[in-house]
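A short write-up of the structure that comes next.
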Amino acid sequence: MSVLVYVENAEGKFKKSTFEVVSYAKAVAGLLNTDLIAISIGDVMQDELSILGKYGATKVLNVNSDKLKTFVIQAYASVIFEAARKEGSDVIVLANSFSGKGLAPRVAVKLQAGLVDSAVELPLIENNKLTVKKTAFSGKAFAFVELDSVNKVIALNPNSFELTETPGAVSIEDFQPEVKDSDLRITVTDVVRATDKIALPDAELVVSAGRGLKGPENWSMIEELAEALGAATACSKPVSDAGWRPHEEHVGQTGIAVSPNLYVAIGISGAIQHLAGVSSSKTIVVINKDPEAPFFKVADYGIVGDAFEVVPKLIESIKAYKSHH
Ligand code: FAD
C-alpha cells in the first residue's frame, strides 16, 4: 500500500499547483500511515525532482522517454497505471488541471478505481473508506463522495490546499515502462504559446472586467492594473462575445473556471453564470457603480464607484506601495 501522486511539469519545471498536490497527497499518506511516491513524466532535471522531497515524497519515479516528451494522454495514463502497479499504490492523487481532468478517469478505469474529481479537502477515513468533499454544480454546491473501492483516484482542485513542507530524504529512480504504440495514436507536433501573459487557469491573481468598461479601447487600465499586481486578465462572456477580448479570457459557467487567491471584478454585474466560474476564489474584490449589483453579495471587499475613477487610483496606490517595499 502507498499513495502515488502524479507531478505535472511545465517545460521541465513544477508549478505551485504541483507542490499543492504533493502536499495534499502527503497528508493523505499520513492519514493512511503509508509512504508517498511521485511519478514524473517528461524531461525534468534531478534538482527539480528533488524539490518534491521538501513536500513529503520519499521516492520519485522519473520517466524520461523520447516518446513521452509531449503530453499524450493515453500514454501518460498507462504510465501512471504501470507506476501504481509497480509500487502497489492504491490511492492515486492528481491535480484537477487541464491534463489531470483527462488523466484521472483514464487511470481510474485502468485501476478499476473509484474516482473523485474537484476535491477540495482531505478525506475522512473510516474502515478503509475515503469520504472526499468536492465542488459540484459549477461550484454552487459541495458533495461528499464515499470511495469504498480498493483503488481510489482523487483529483484535487487548484488553490484548495495549502503548501505544506515536510522535508525528508527522497530517492529518484529511473522508471522505463513499456510504451505501447496503441497508446501513441496522437502525436503533438508543435506547442505554440497563445500569449506570454500569465495563464488564466494557473493564475493566483486575476483582474477581470465586464460590460461596464463600455468598449475594448478602455482595457489598457485593466491591463495596467493586472501588470501592477502580477495578475492574469479575464472577462465576462458578453465582453468576449463582442470581440472586445479573446475567448480564452472568458470565465464562468461556459468559460474557464478559476479559483485564484484574489479575483478583482470590475464592471461585472455578478450574474449566476459568471459567479459559477469564480465563486471559489479565496478573496473577491468587486468594483461596480451600482450598489445593488449582485456581485457585492459574494464580495469580500466592495468598492461602489465608477471604474474609470477607481481603477486609475488603485493603480497609482499599488505602484506607490511597490516603490516603497
Ligand atoms: P452587464 O450585466 O451588462 O453588467 C455590467 C455591470 O457593470 C453592471 O453591474 C453595471 O452596474 C456595471 N457598470 C457599468 N458602468 C460601470 C462603471 N463605469 N464603473 C463600474 N461599474 C460599471 N456570463 C459570464 O460572464 N460567463 C459565463 O460563462 C456565462 N455563461 C452563460 C451561460 C448561459 C447559458 C447564459 C444564458 C448566460 C451566460 N452568461 C455568462 C451571461 C450572464 O448571464 C450575464 O449576461 C453576463 O455575465 C453579464 O456580463 P457583465 O456583467 O459584463 O455585463
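Once region 204-237 is narrowed to residues that are of a type in the set (Asp, Glu) and in contact with a strand residue (DSSP E or B) (Cβ under 8 Å, 6 or more places away or on another chain), the residue that is surrounded by the most Cβ atoms within 10 Å (Cβ to Cβ) is Glu204. Here Phe296 meets the list (1) open to solvent by less than 60 Å² (accessible area, probe 1.4 Å); (2) touching a Pro at 6+ places or on another chain (Cβ under 9 Å) almost entirely, failing just condition (2). All conditions but one from (1) farther than 17 Å from Glu204 by Cα; (2) touching an Asp or Glu at 6+ places or on another chain (Cβ under 8 Å) apply to Thr283; the one that does not is (1).
The residues in region 279-304 that are within 7 Å of the ligand (Cβ to nearest atom) and either assigned by TED's automatic domain parsing to the domain that holds Phe142 or free of Cβ contacts under 8 Å to residues at least 24 places away in the same chain (or both) can be counted, and the count is 1.
One residue stands out among those in region 240-278 that are within 6 Å of the ligand (Cβ to nearest atom) and farther than 18 Å from Phe98 by Cα: the one that is most open to solvent (accessible area, probe 1.4 Å), which is Gln273. Applying the condition of being within 11 Å of the ligand (Cβ to nearest atom) and part of a loop (DSSP other than H, G, I, E, B) to region 196-222 and asking which residue is nearest to Asn159 (Cα to Cα) yields Gly210. Of the numbered criteria (1) at pLDDT below 95; (2) buried (at least 21 other Cβ atoms within 10 Å of the Cβ); (3) among the hydrophobic types (A, V, I, L, M, F, W, C), the one Ala104 fails is (1). Could you list, in sequence order, all residues of region 305-323 that are open to solvent by 70 Å² or more (accessible area, probe 1.4 Å) and near the ligand (Cβ under 7 Å from one of its atoms)? Scanning region 305-323 gives a single hit, Phe308. Quick one: is Pro201 under 18 Å from the mean Cα position of the chain (by Cα) and more than 23 Å from Lys237 (Cα to Cα)? Answer is no for this residue. The number of residues in region 183-194 that are touching a residue at least 24 places away in the same chain (Cβ under 8 Å) and either open to solvent by 30 Å² or more (accessible area, probe 1.4 Å) or of a type in the set (A, V, I, L, M, F, W, C) (or both) comes to 7.
Every condition in (1) in contact with a helix residue (DSSP H, G or I) (Cβ under 6 Å, 6 or more places away or on another chain); (2) part of a helix (DSSP H, G or I) is met by Ile39 except one, and the failing one is (2).
The values are calculated or read from the model by the stated rules, or taken from the named source; none is laboratory data. Everything numeric in this text was worked out from a predicted model, so none of it was measured. With ideal geometry, Cβ positions are generated from the backbone for all residues, glycine too; neighbour counts draw on all protein chains shown. Heavy atoms of the whole protein, side chains included, go into the accessibility calculation; ligands, DNA and RNA do not. Shrake-Rupley method; radii C 1.70, N 1.55, O 1.52, S 1.80 Å.
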